[in-house]
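Novice: One structure, pasted below without further comment.
The values are calculated or read from the model by the stated rules, or taken from the named source; none is laboratory data. Keep in mind it's a predicted model, so treat the numbers as computed, not measured. Positions of Cβ are backbone-derived with ideal geometry, glycine not excepted, and every protein chain shown enters the neighbour counts. Areas reflect the complete protein model, heavy atoms only, side chains present, ligands, DNA and RNA absent. Shrake-Rupley method; radii C 1.70, N 1.55, O 1.52, S 1.80 Å.
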Amino acid sequence: MTVDSVPLNTGAKLPLFGLGTWQVKDETELTVALRAALDGGYRLIDTAHLYQNEHIIGEVLHEYISSGKIKREELFITSKLPFVAHAPEDVANCVESQLKALKLDYIDLYLIHCPCPFKHQEGNLLPLLEDGKLVFDEKTSHMDTWKELEKLYHAKKLRALGVSNFSAKQLEELYNQAEVKPSNIQVECHIYWPQEHLRSVCKKLGVTFTAYAPLGSPGRKAARPDGVWPEGDPLLEPVVQQLAAKYHKTAAQILIRHLTQHGISAIPKSISPDRIIENISTFDFKLSDEDMHALDTVPTRIRLFIFDFAVGHPLFPHDDVDETTTPKSGFKLH
Ligand code: NAP
């Protein structure tokens with residue numbers, strides 16, 4: 001299956017589809033999934049320091065590259081800076097450790113994972129907790145971090161830079177100040193949270209857009225059983241089910257095609273080889289304008305990722321979430 005792509009402002013191409021790897025830390029599970037994905041035509045792999053799986057991905061990438069099955073330049077690896085490593089003195093060390101784990105000389109797209117910096121413990125990158133709560137790093141601005149990333153971009157270790165979970169305002173502020181302009185933003189995006197305003201800002205700036213949780217992240221609650229997770233399952237939405245029957249596709253395939261047809265890169269996670277193939281098998285059909293419109297206008301609107309652990313942070317991105325609307329949970333990210 002050939003995957004469409006869109007140009008980044010660096011001249012590179014962003015595949016409109018790839019494999020998400022959040023919540024997959026088991027070596028066998030992830031190795032099986034990655035082999036199924038790479039054999040099935042996936043070239044974009046999305047990871048992050050926070051996912052604690054870059055070393056497993058690195059082994060499989062090395063296996064495919066060293067055997068000549070895939071050339072490095074055919075791959076598109078995205079990774080992310082953890083929210084505890086925004087301080088300028090931490091950025092390069094963190095990226096170096098990720099390159100080493102991934103067994104790569106460069107990362108194709110590197111994102112600031114979360115707009116809210118937090119402090120880490122002395123001597124490691126584990127979050128610093130006081131009274132069981134994360135401690136804000138109020139000293140480090142987005143530009144302080146970005147300038148360090150720009151150095152790594154110029155050193156060709158990071159081939160494109162971007163952000164994740166930033167608001168439209170935060171993205172635009174960074175864009176206006178940055179020497180190396182952000183190439184991509186990765187945020188929650190699916191039929192229940194379509195991000196129209198942010199998408200229009202990205203279009204204006206020429207910033208590409210990646211949808212995380214494209215299926216509504218049905219397994220999200222396992223990540224933090226104590227966290228605040230609003231209910232909602234786009235896979236069960238009646239219009240999605242109807243279109244699946246009409247196009248002889250699955251609900252997941254309808255949700256993925258809806259995004260990629262909008263020029264949005266979708267990165268569904270799966271550890272099942274069958275679903276991995278199902279999810280990429282979405283570039284051989286087109287939804288009609290009328291059906292795209294039906295998916296664009298489902299009445300339900302729900303943000304599924306609240307980032308409750310960061311509510312109250314001075315750089316908290318979401319205007320629609322605050323301490324009065326969100327019961328703050330205990331902190332546990334893994
Ligand atoms: P998702 O991709 O919307 O959903 C993944 C869930 O759907 C898994 O439980 C998976 O189960 C299931 N699934 C996969 N294919 C399916 C299919 N064809 N039919 C039915 N169920 C299916 O959610 P996500 O993992 O939260 O998001 C995708 C990726 O985005 C992540 O893995 C990560 O790489 C990235 N992400 C980034 C951020 C960020 O802050 N930047 C946040 C969240 C996610 P099985 O594995 O059992 O198939």
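Novice: Looking at region 148-237, which chymotrypsin sites (Phe, Trp or Tyr not before Pro) are in a loop (DSSP not H, G, I, E or B) and have at most 13 other Cβ atoms within 10 Å?
Specialist: When the chymotrypsin sites (Phe, Trp or Tyr not before Pro) of region 148-237 are filtered for loop state and at most 13 Cβ neighbours within 10 Å, nothing remains.
Novice: Name the shape class, rounded, prolate or oblate, that the alpha-carbon gyration tensor gives for the chain, where a ≥ b ≥ c are the square roots of its eigenvalues, rounded holds for a/c under 1.5, and otherwise prolate holds if a/b is larger than b/c and oblate otherwise.
Specialist: rounded
Novice: Moving on. Starting with the highest mean, order 128-134, 3-9 by the number of other Cβ atoms within 10 Å, averaged over the residues of each peptide.
Specialist: Working: 128-134: 11.9, 3-9: 16.0.
Packing proxy ranking, top to bottom: 3-9, 128-134.
Novice: Let me ask something else about it. Give the long-range amide H neighbours of Tyr212: residues separated by 5 or more places, or on another chain, with amide H under 5 Å away, using H modelled in the peptide plane at 1.01 Å from N.
Specialist: Val187, Glu188, Cys189
Novice: Simple spin-label model, 7 Å along Cα-to-Cβ: Lys203 to Lys156 in nm?
Specialist: 3.6 nm
Novice: List, in order, the whole-Hz ³J(HN,Hα) value for each residue of region 119-133 obtained from phi through the Karplus relation with A = 6.51, B = -1.76, C = 1.60 and θ = phi - 60°; use x for Gly and Pro.
Specialist: 7, 10, 5, 4, x, 8, 9, 7, x, 7, 10, 10, 6, x, 10
Novice: Right, here's the next one. State which entries of Lys25/Lys156; Lys103/Lys139; Lys69/Lys147 exceed 30 angstrom in Cα-Cα distance in the structure shown.
Specialist: Values: Lys25/Lys156 28 Å; Lys103/Lys139 32 Å; Lys69/Lys147 36 Å.
Pairs exceeding the cut-off: Lys103/Lys139; Lys69/Lys147.
Novice: Quick one: grab the alpha carbon gyration tensor of region 1-120, order the square roots of its eigenvalues as a ≥ b ≥ c, and give me rounded if a/c is under 1.5, else prolate or oblate depending on whether a/b is larger than b/c.
Specialist: Prolate, since a/c reaches 1.5 and a/b exceeds b/c.
Novice: Out of Ser200, Ser164, Ser79, any idea which swings most in a Gaussian network model of the chain, alpha carbons joined below 10 Å?
Specialist: Judging by the Gaussian network model, the answer is Ser200.
Novice: Give the peptides 182-191, 290-299, 100-109 in descending order of average Cβ contacts within 10 Å, highest first. Display every interim value, and only then the final one.
Specialist: On the way: 182-191: 24.7, 290-299: 13.5, 100-109: 19.1.
In decreasing order of mean packing, 182-191, 290-299, 100-109 become 182-191, 100-109, 290-299.
Novice: On a straight-distance basis, which aspartates and glutamates could pair with Lys133 in a cross-link, Cα separation under 13 angstrom, same-chain partners fewer than 8 positions away excluded?
Specialist: Excluding near neighbours in sequence, the set is Asp308.
Novice: Right, here's the next one. May I ask you to give the percent of accessible area on region 5-297 that is carbon plus sulfur, with a probe radius of 1.4 Å?
Specialist: C and S fraction of accessible area: 51 percent.
Novice: Here's another thing I want to ask about it. If you put +1 on each Lys and Arg Cβ and -1 on each Asp and Glu Cβ, how big is the dipole of region 1-111 around its Cα centre, in Debye rounded to 20?
Specialist: Dipole magnitude for region 1-111 comes out near 240 debye.
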